[in-house]
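The block underneath contains the structure these notes are about, expressed in structure tokens.
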Amino acid sequence: MAKKLFIETVGCQMNVLDSELVVGALRRQGYQLAMDAAEADVILFNTCSVREHAEEKIYSSLGRLRKHMEEHPEKVLGVLGCMAQKDQEIILKRAPYVDVVCGTGQLGRIAELIENARTTGRPQLALSLGRTDASRLEVERSFESYDPAREPSMRPTAFQAFVRIMFGCDKFCTYCVVPSTRGPEQSRPPEHILAEVQGLARQGAKEITLLGQTVNSYKFKNNDGRTTTLAGLLLLIHDTDGIERIKFVTNYPKDMTDELLQAVRDLPKICKYLHVPVQSGCDEVLKRMKRNYTVNYYREMLQRCREIVPGAAISSDFIVGFCGESEQAFQKSCDLISESKFKNSFIFKYSARPGTKADDLYPDDIDEETKKRRNNDLLALQNANSLLDHRAKIGQTVDVLVEGPSKAALKGKAVGPLQLTGRTMTDHIAVFDGNERLIGNSVRMVVEEATAFTLFCRVATEVTTGAREIAVPASQDTPWEEPRRTPLPLL
Ligand code: 5AD
Ligand code: SF4
């Protein structure tokens, strides 16, 4: 009988992609996906370390499995990804029944590690980050290029796929664990990326999201001496048959070149959407964060984005309550968010991460209550701007790639015809009534109403009838920490 696999993923899109690749590799070994940890032979957690909260979630999931694992010693329990990379000893101490600890650079070996754990009964650790180009490319070769074992059922939808274009990060912002959990920055060869995009298109992908911690720092030195930048890469993959939309996240403000912005403007399949985290509106805080730019530099960069790509939607990230953030410093973040007209912002309370520069150098001196209040205040300012941004779209025609039933429809709360959701070319969330057959298609719509989170639309070519209920949006989209369980049952 086929072995069953359960995987839960916490964290960013990079982790969602890693989980897809892990499942792809294990499916090749004959595994089937299980919907429930209890019925699986192998239980995996793909983890995130970016904030403490994400880690605690994993420890409580592991705690809940203690009894089950003790009763079923033949089962294999694995912790993968960022926490595995950073905290292998703590994991084995807190959950000694864990069998596999596999870091971000060794996921290509997952099948072998599980097998070794099963045959030896001893915990298997694989944590090398492949710090040289050659070994990192070795990992890439073994895992995902040329013949990537991708797993469509693990994607956000059947027609949306992530493609990693670079590993790691070299920026070393003082608050951030990513450079130590994902290692040094390395760009993948453009021809590998193109081959992967073409393969995904053949599997039915229409929308590709290119992933990198600082995706616009992408740079690959080719054998002939030419350097490919992100702009060049976008041009290379743009005409792939079947691909209708291309996005890229996350951008680093200092690497937002005119060349890139011109590519976004000129290539029709590139979404006019730029996620460029600023983190703070105060120069002293940015300096302590070691972000390498000033608030004015960021402002000018925003202006350049808007001049070169008219109508671009821009979103940002902010951290509140970073070490030493005074009320005045926080106020500067409020000023920046008010003036910047971001489509949306992700706002995070600072979480001190052991091993980072900030944790070594500065006391985490802003209390939780203050962090919470600042988070809410900043969110309220952003929401007011998001509402203006969304309302300005009322009456406009937009192209929506239809993703599936809306949240309200999934919860059975929508009345009337099927309520569907999708995104515009500027990454705005659209909700509308329509027929299921629209899922996976790009559909022209007219924006009729708007909240701070959602555009309510009408399919331009159809007359909508019947009652409609306005879905209650979540207070904030939080793509970084929501756990995702194995999404689809087995074929
Ligand atoms: N505490 C809070 N937020 C953080 N981020 C990164 N590290 C931390 C931390 N230690 C946020 C940043 C980044 C996003 C992915 O997570 O805003 O852009
Ligand atoms: Fe972390 Fe800064 Fe790198 Fe982003 S750019 S992953 S915040 S170190």
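Heavy atoms only, probe 1.4 Å: what % of the accessible area of the chain goes to carbon and sulfur, would you let me know?
Values: 10680 of 20700 Å².
Carbon with sulfur: 52 percent of the solvent-accessible area.
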Residues of the range 295-329 with backbone N under 11 Å of the label point set 7 Å from the Cα of Glu284 along Cα→Cβ are 324-329
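Just want to confirm a number: the relative contact order over the chain, from Cα pairs under 8 angstrom separated by 6+ residues, in percent. Mind showing how you got there, number by number?
Details: 996 pairs, mean separation 63.4, N = 491.
After rounding, I find 13 percent.
Grab the beta carbon distance between Gln32 and Ser442, set R0 = 22 Å, and tell me the FRET efficiency rounded to 0.05. Each step should come with its number before you reach the end.
Values: r = 33 Å, r/R0 = 1.51.
After rounding to 0.05, the efficiency reads 0.10.
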Could you calculate the contour length gain from Thr370 to Gln303, that is, 0.36 nm times the residue separation minus the distance between their Cα atoms, to one decimal place in nm? 21.0 nm
Subtracting the Cα-Cα distance of Leu236 and Glu339 from 0.36 nm times their residue separation yields 33.5 nm
Partner aspartates and glutamates for Lys332 [C-alpha distance under 15 Å; skip if fewer than 8 residues away on the same chain]: Asp283, Glu284, Asp317, Asp377
What number comes out for accessible area per residue over the chain if the probe is 1.4 Å? Units Å², please. 42 Å²
Taking only Cα atoms of the range 1-42, radius of gyration then Dmax in Å: 10.5, 34
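Nothing charged except the Cβ atoms of Lys and Arg (+1) and of Asp and Glu (-1): what's the magnitude of the dipole of the range 230-371 about its Cα centre? Round to the nearest 20 debye. Walk me through the numbers before you get to the answer.
Values: 20 positive and 23 negative charges, 78 e Å.
In total the dipole reaches around 380 debye.
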For Arg391 and Leu92, what is the calculated FRET efficiency with R₀ set at 60 Å and r taken between the beta-carbons, to the nearest 0.05? 0.70
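Report the extension gain between Leu410 and Thr257 in nm, rounded to one decimal, defined as 0.36 nm multiplied by the number of residues separating them, less their alpha carbon distance. Before the final figure, lay out the partial values.
Working: separation 153, 0.36 × 153 = 55.08 nm, distance 4.10 nm.
That works out to 51.0 nm of additional length.
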Rounded to the nearest 10 Å², the 1.4 Å probe accessible area of Lys219 is 130 Å²
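Could you work out the relative contact order of the range 187-334, using alpha carbon pairs under 8 angstrom and six or more residues apart, expressed as a whole percent? Each step should come with its number before you reach the end.
Values: 217 pairs, mean separation 31.7, N = 148.
Relative contact order comes out at 21 percent.
Would you mind checking Lys343/Lys371; Lys171/Lys349; Lys4/Lys75; Lys247/Lys269; Lys269/Lys407; Lys4/Lys93 for any pair whose Cα atoms are more than 18 angstrom apart? Please report the intermediate quantities before stating the final value.
Values: Lys343/Lys371 23 Å; Lys171/Lys349 21 Å; Lys4/Lys75 10 Å; Lys247/Lys269 9 Å; Lys269/Lys407 27 Å; Lys4/Lys93 27 Å.
Over 18 Å apart, Cα to Cα: Lys343/Lys371; Lys171/Lys349; Lys269/Lys407; Lys4/Lys93.
For the chain, with only Lys/Arg (+1) and Asp/Glu (-1) charged at the beta-carbon, what is the dipole magnitude about the Cα centre, in debye rounded to 20? Please report the intermediate quantities before stating the final value.
Numbers: 65 positive and 66 negative charges, 47 e Å.
The calculated dipole for the chain is roughly 220 debye.
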Please compute the modelled spin-label separation between Ala460 and Glu112, points set 7 Å along Cα→Cβ, answer in nm with one decimal. 5.3 nm
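Of all DSSP beta bridges in the range 1-98, what percent run antiparallel (nearest 5)?
Details: 0 of 13 bridges.
DSSP beta bridges in the range 1-98 are roughly 0 percent antiparallel.
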Along the range 332-342, Karplus-curve 3J(HN,Hα) (6.51, -1.76, 1.60; θ = phi - 60°) to the nearest Hz, with x for Gly and Pro, reads 5, 5, 4, 4, 5, 5, 5, 8, 7, 6, 5
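The values are calculated or read from the model by the stated rules, or taken from the named source; none is laboratory data. As the structure is a computational prediction, the values presented were derived from the model and not from experiment. We place every Cβ from the backbone using ideal geometry, glycine too, and count neighbours over all the protein chains shown. Just the protein is used for accessible areas: all its heavy atoms, side chains included, with ligands, DNA and RNA removed. Shrake-Rupley method; radii C 1.70, N 1.55, O 1.52, S 1.80 Å.
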